[in-house]
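**Student:** Encoded as structure tokens, here's the structure I'll be asking about.
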Amino acid sequence: MKLGIGLYGNNGGHQIHGELSDHPDARLVAIAGMDLKQLTPEQQADSSIRVYDTLEAMLADERVQVISLCSPIRAKQAEEAMLCMRRGKHVYAEKPCAMQESDVDRLIETSMATGCRFREMAGTAFQQPYMAIREFVRSGGIGDVVQIFVQKSYPYHDERPQDEAIDGGLIGQNGIHAVRLIEHVAGVRIKAITAVETRLGNPCAEGRLPMAASLLMELENGGVASSIVNYLNPRGTGCWGNDHLRIFGTEGMIESTDGGARTRLVIGNVDKGPLELQEPAYSYFDLYMMSLLGRAEMPLTLEEELHCTRMVLRAKASAQAASNGSQL
């Protein structure tokens, strides 16, 4: 049995059509809100894939069992996800899945009420080298986690929306990766978070998009974390996402730098060098499909998954309050 997948939108560039070619558990049956030319040549030639003008029209297609949302306007995505679930469709949503914390609660409530399973595209921790780091830290290899630093840096380009409602903005669509590295890789839940951001460096004279932000976090285990996120990555770095993760524990330190190209483990006085990345990475979408078919359990609960979204929404609220000269 293959699950029928409907795609809505391609905002953010993370639509899953590339993963659906010869997928063992899923097949593409419909699209809406996106150009047929965005699909693979084989998919474009597949006459069984129906093209709809609207999400509403696609929801009437009984072959569609799962909707993958990369909504054209991210600020509308939570309502669209809830509409899909009320129509009996499972939902796999681009980040951030919501732009108000109250909508995160409503998504969870709607999933429970309808029995339709909601998931965000939240697979950062299950890509290498992060999965290897996650397993080593979970094993106690560096002792108790005390402090975490994350850098998440992308290049700026003219197609980045100046209106953060379109894609979630700097903290929502960029900073969420940093928060996931803290909670899902280092394995420590964030208790409190604050942020400041700046539009300095925005090449648009009247641009509203923040270009850099700093996040400061208190962890539930008593530790601390900090992150810098920005759209300032020079193309000369050679990596699209110039990402750094350093986790400091009571027994040692483990890190990934330069977009995952380099890793290092130091225990006490011994530099053990790069990690051995023998285990394969997991596709979060594959795990989601297997869970829908009853063949696997998701590695994160929905609340664990969406707690990161909660935190970035609180960070954004904190940054907005700071820019308004007030205190949360």
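The values are calculated or read from the model by the stated rules, or taken from the named source; none is laboratory data. This is a predicted model, so every value here is computed, not measured. Glycine gets a Cβ as well: all are built from the backbone with ideal geometry, and neighbour counts include every protein chain shown. The protein model used for the area step is the full one, side chains on, heavy atoms only, and it has no ligands, DNA or RNA in it. Shrake-Rupley method; radii C 1.70, N 1.55, O 1.52, S 1.80 Å.
**Student:** Through the Karplus equation 6.51 cos²θ - 1.76 cosθ + 1.60, θ set to phi - 60°, convert the phi angles of the range 25-40 into ³J(HN,Hα) values in whole Hz; use x for Gly and Pro.
**Tutor:** Couplings: 10, 9, 9, 7, 10, 7, 9, 8, x, 8, 7, 4, 5, 6, 7, 5 Hz.
**Student:** Between Gln127 and Arg106, take the C-beta separation as r, use R0 = 30 Å, and let me know the FRET efficiency to the nearest 0.05.
**Tutor:** Plugging the Cβ-Cβ distance into 1/(1 + (r/R0)^6) gives 0.55.
**Student:** For Ala60 and Met290, calculate 0.36 nm times their separation in residues minus their Cα-Cα distance, and state this gained length in nm to one decimal.
**Tutor:** That pair, Ala60 and Met290, stretches by 80.4 nm at full extension.
**Student:** Still on this structure, I have one more. Could you check which residue among Tyr130, Tyr282, Tyr92 shows the biggest mean-square fluctuation in a GNM of the chain with a 10 Å Cα cutoff?
**Tutor:** Sorting by GNM fluctuation, first place goes to Tyr282.
**Student:** Please tell me the relative contact order of the chain in percent, rounded to the nearest whole number, where contacts are Cα pairs under 8 Å and at least six residues apart.
**Tutor:** So the answer I get is 17 percent.
**Student:** For the range 23-84, what is Rg from Cα atoms divided by 2.2 N^0.38 Å, rounded to two decimals? Can you show the working numbers first?
**Tutor:** On the way: Rg = 12.0 Å, N = 62, 2.2 N^0.38 = 10.6 Å.
Compared with the compact-globule rule of thumb, the range 23-84 sits at 1.13.
**Student:** Continuing with the same structure: Based solely on C-alpha atoms, express the radius of gyration and the Dmax of the range 53-173 in angstrom.
**Tutor:** 17.6, 54
**Student:** For the range 1-58, what's the radius of gyration and Dmax over Cα atoms, in angstrom?
**Tutor:** Cα only, the range 1-58: 10.6, 30 Å (Rg, Dmax).
**Student:** Sticking with this one: May I ask for the Kirkwood hydrodynamic radius of the range 1-107, worked out over all distinct Cα pairs and given in angstroms to one decimal?
**Tutor:** For the range 1-107, the Kirkwood estimate is 13.8 Å.
**Student:** Calculate the FRET efficiency for Ala322 and Met1 from the Cβ-Cβ distance with a Förster distance of 51 Å, rounded to the nearest 0.05.
**Tutor:** Calculated transfer efficiency: 0.50.
**Student:** In addition: Which listed residue (Ala81, Phe126, Ile148) has the Cα farthest towards the positive end of the charge dipole for the range 51-171, taking +1 on Lys and Arg C-beta and -1 on Asp and Glu C-beta about the Cα centre?
**Tutor:** Looking along the dipole axis, the top candidate is Phe126.
**Student:** A further question on this structure: Using a Gaussian network model of the chain with C-alpha springs under 10 Å, which one of Val66, Val137, Val312 is most mobile by mean-square fluctuation?
**Tutor:** Highest fluctuation among the options: Val137.
**Student:** Also, I was wondering about something else. How much length is gained on full extension from Val224 to Val270, taking 0.36 nm per residue of separation minus their Cα-Cα distance? Intermediate results must be reported in sequence, preceding the final value.
**Tutor:** Details: separation 46, 0.36 × 46 = 16.56 nm, distance 2.47 nm.
Gain on stretching Val224 to Val270: 14.1 nm.
**Student:** Report the charge-dipole magnitude of the chain in Debye, nearest 20, computed about the Cα centre from +1 at each Lys and Arg Cβ and -1 at each Asp and Glu Cβ.
**Tutor:** Dipole about the Cα centre, nearest 20: 200 debye.
**Student:** Determine the dipole magnitude for the range 1-127: charges of +1 sit on the beta-carbon of Lys and Arg, -1 on that of Asp and Glu, nothing else is charged, the reference point is the Cα centre, and the result goes in debye to the nearest 20.
**Tutor:** Working: 14 positive and 18 negative charges, 28 e Å.
So the dipole magnitude of the range 1-127 works out to roughly 140 debye.
**Student:** Here's another thing I want to ask about it. Report, largest value first, the span of the C-alpha coordinates of the range 179-272 along each principal axis, in whole Å.
**Tutor:** 50, 33, 20
**Student:** Still on this structure, I have one more. Mind giving me the FRET efficiency for Arg87 and Asp158? R0 is 51 Å, r the Cβ-Cβ distance, nearest 0.05 is fine.
**Tutor:** Once rounded, the FRET efficiency stands at 0.90.
**Student:** May I pose another question? What are the ³J(HN,Hα) values, in whole Hz, obtained from phi via the Karplus relation 6.51 cos²θ - 1.76 cosθ + 1.60 with θ = phi - 60°, for each residue of the range 2-17 in sequence order, with x given for Gly and Pro?
**Tutor:** Along the range 2-17, the couplings run 10, 7, x, 10, x, 9, 10, x, 9, 6, x, x, 10, 4, 9, 4 Hz.
**Student:** What number, rounded to the nearest 500 deg cm²/dmol, is the helix-based mean residue ellipticity at 222 nm of the chain, given -39500 (n - 2.57) per DSSP H run of at least four residues and division by all its residues? Please list the in-between numbers first.
**Tutor:** Numbers: 9 runs with 82 residues, N = 328.
Estimated from H runs of four or more residues: -7000 deg cm²/dmol.
**Student:** Another question about this same structure. Compute the convex hull volume of the Cα atoms of the range 88-134, divide it by the residue count, and report the result per residue in Å³ as a whole number. Mind showing how you got there, number by number?
**Tutor:** Working: hull volume 4.4 nm³, N = 47.
Given the Cα convex hull of the range 88-134, per-residue volume reads 93 Å³.
**Student:** If you don't mind, another one. Could you check how much of the accessible area of the range 71-197 is carbon and sulfur, as a whole percent, using a 1.4 Å probe?
**Tutor:** Taking all protein chains in place, the range 71-197 shows 48 percent carbon and sulfur surface.
**Student:** Would you mind putting 196-203, 143-150 in packing order, based on average other-beta-carbon counts within 10 Å, highest first?
**Tutor:** Sorting 196-203, 143-150 by mean packing, highest first, produces 143-150, 196-203.
**Student:** Give me the percent of Cα-Cα pairs in the range 249-328 that sit more than 20 Å apart, rounded to a whole number.
**Tutor:** Values: 2060 of 3160 pairs.
That tail contains 65 percent of the Cα-Cα pairs.
**Student:** Rg to Rh for the range 181-235: what is it, with Cα atoms only and Rh by Kirkwood?
**Tutor:** 1.11
**Student:** Also, I was wondering about something else. Along Cα→Cβ, 7 Å out, is where each label goes; now give me the distance between the ones at Ser139 and Ala113 in nm to one decimal.
**Tutor:** Taking the two extended label points, one gets 4.5 nm.
**Student:** Which of these, His244, His177, His23, has the largest mean-square fluctuation under a Gaussian network model of the chain (Cα springs below 10 Å)?
**Tutor:** Largest GNM mean-square fluctuation: His23.
**Student:** Using the Karplus curve 6.51 cos²θ - 1.76 cosθ + 1.60 with θ = phi - 60°, work out ³J(HN,Hα) for each residue of the range 106-117 in order, rounded to whole Hz, and write x for Gly and Pro.
**Tutor:** Working through the residues one at a time gives 5, 5, 4, 4, 5, 4, 5, 6, 8, x, 8, 8 Hz.
**Student:** Once you list every other residue whose beta carbon is under 9 Å from the beta carbon of Thr257, what net charge do they have if Lys and Arg are +1 and Asp and Glu are -1?
**Tutor:** 0
**Student:** Please name whichever of Asn269, Asn230, Ala205 sits farthest to the positive end of the charge dipole of the range 202-328, dipole taken about the Cα centre and charges placed at Cβ: Lys and Arg +1, Asp and Glu -1.
**Tutor:** Ala205
**Student:** Along each principal axis of its Cα atoms, how long is the chain end to end? Whole angstroms, biggest number first, please.
**Tutor:** Extents along the principal axes: 61, 48, 42 Å.
**Student:** Around Glu79, under 10 Å between beta carbons, what's the net of Lys plus Arg minus Asp minus Glu among the other residues? Present the calculation step by step, with values, prior to reporting the outcome.
**Tutor:** Numbers: positive: Lys76, Arg106; negative: Glu80, Asp103.
Residues near Glu79 contribute 0 overall.
**Student:** What is the sum of charges, Lys and Arg at +1 and Asp and Glu at -1, for the other residues whose Cβ falls under 11 Å from the Cβ of Cys204?
**Tutor:** Local net charge: +1.
**Student:** If you don't mind, another one. Averaged per residue, what accessible area in Å² does the chain show with a 1.4 Å probe, protein chains only?
**Tutor:** 45
**Student:** Going down the table (Lys2/Lys152; Lys191/Lys272; Lys89/Lys191; Lys37/Lys76; Lys95/Lys316), which pairs top 26 Å between alpha carbons? Mind dumping the intermediate values first?
**Tutor:** Values: Lys2/Lys152 36 Å; Lys191/Lys272 32 Å; Lys89/Lys191 33 Å; Lys37/Lys76 24 Å; Lys95/Lys316 14 Å.
Violating the 26 Å Cα-Cα cut-off are Lys2/Lys152; Lys191/Lys272; Lys89/Lys191.
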